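A short write-up of the structure that comes next.
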Amino acid sequence: MRHRTRAITWALLLAGMPLALGVVPLAAQEQTRESMALDNTAAQWSFQFAYQRMLDYRQDTLANGFVRPAGNKGYAQFRMVAPISLGTVTILPRLTARLSENKDGEWGLSPTDLFALIVPFQWSTGRLGVGPDLVFPGSAKVGSNEWAYGLAGAVIQRFFDEKLMVGLLLQQTWGRRDVIDPDQPVPTDSTETGANPIIINPFVNLQLGNGWYLGTNDLQAQYSWEFGGWKLPVGARLGYVLVRPKNSWNFYVEYATDFATGDWPGAAAKHKVRINASFSIPVG
């Protein structure tokens, strides 16, 4: 009950982000196309194709005395954003699907995430939104085969004539999950309903000029309400944005490593790399 209460508190914070920040709707200045290509909250059609490879995993000893397990070898990711404009409010449905390879070389569809970011709050150099999050079950060979539901929220802010962008994405879902006995190295055969780990995704992008930029990797830090453990990825991204008259491309390569506490029972990649190509079409 204590873990569920804390997760619900985070969900309420997600829903109340606009009030907590004192944000009011304002006319947003026109954002540059190069900045939009790096902005997940911009009103544009977006199609992402990425491949991530986990080169190896940490094998440290967990708090229960067992060695940390290895995870999937990698995945191919497709992400699509289809903006919907409703007057002063923009809705950004984002679908993320992954075809993953497990540690035994078997491929399967990972859980598919769909959330609709509702963006009613914009100001001259940023925007904020909150919306529902739904996770469709995938193959048990590469991830969870259970439904999950929850909330997601995002806020971005641009500085120095849009050369610097910082932001934060939060996701919290609930669903059925495997019961893990702290005295056993693998999940049991039973399941329970509860809060999944919260995903805290800060990001920073710095434009270097001539289309090049530096950024953080996909920093999806996670906290387990059930075990009180953290997984913290650290890494960097080098990218190039090609702006064309009616569309733009975003290419990047990134490297990251995961740090995890002994109370985080899941896998933690020691070295992982990603390549990406994203195509976007601004609305209007």
Notebook entry, point to check: So, of the residues in the stretch 88-119 that are polar (S, T, N, Q) and in contact (Cβ under 8 Å) with a residue 40 or more places away in the chain, which turns out to be surrounded by the most Cβ atoms within 10 Å (Cβ to Cβ)?
Noted result: 100
Check: In this structure, is residue 265 farther than 28 Å from residue 92 by Cα, surrounded by 14 or more Cβ atoms within 10 Å (Cβ to Cβ), more than 16 Å from the chain's Cα centre (by Cα) and at pLDDT below 95?
Finding: yes
Next item on the list: For residue 211, state whether it is at pLDDT 95 or above, touching a helix residue (DSSP H, G or I) at 6+ places or on another chain (Cβ under 8 Å) and buried (at least 17 other Cβ atoms within 10 Å of the Cβ).
Entry: yes
Item checked: Residue that is surrounded by the most Cβ atoms within 10 Å (Cβ to Cβ) [pool: residues in the stretch 70-87 that are outside any strand (DSSP E or B) and in contact with a strand residue (DSSP E or B) (Cβ under 8 Å, 6 or more places away or on another chain)] -> 72
Checklist line | Residues located in the stretch 48-64, provided they are of a type outside the set (Phe, Trp, Tyr) and either assigned to a strand (DSSP E or B) or at pLDDT below 95 (or both) | finding: 48, 50, 52, 53, 54, 55, 56, 61, 63, 64
Item checked: Residue in the stretch 239-272 that is farthest from residue 211 (Cα to Cα), counting only those that are of a type in the set (D, E, K, R) and assigned to a loop (DSSP other than H, G, I, E, B) -> 263
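Okay, residues lined up against (1) assigned to a loop (DSSP other than H, G, I, E, B); (2) within 13 Å of the chain's Cα centre (by Cα); (3) among the hydroxyl-bearing types (Ser, Thr, Tyr); (4) surrounded by fewer than 19 Cβ atoms within 10 Å (Cβ to Cβ):
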| position | (1), (2), (3), (4) |
| --- | --- |
| 202 | no, yes, no, yes |
| 205 | no, no, no, no |
| 215 | no, no, no, no |
| 228 | yes, no, no, yes |
| 231 | no, no, no, no |
| 237 | no, no, no, no |
Margin query: Every residue in the stretch 12-47 that is modelled with pLDDT of 90 or more, out of contact with any Phe, Trp or Tyr (no Cβ under 8 Å at 6 or more places or on another chain) and hydrophobic (A, V, I, L, M, F, W, C), please.
Written below: 36, 42, 43, 45
Note to self: Quick check on my filter: what residues within the stretch 239-258 are of a type in the set (S, T, N, Q), over 16 Å from residue 205 (Cα atoms) and either crowded, with 21+ Cβ neighbours inside 10 Å or at pLDDT below 95 (or both)?
What the structure shows: 248
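The values are calculated or read from the model by the stated rules, or taken from the named source; none is laboratory data. These numbers were taken from a predicted model, which means no experiment stands behind them. FYI the Cβ positions are ideal-geometry reconstructions off the backbone, even for glycines, and counts take in every protein chain you see.
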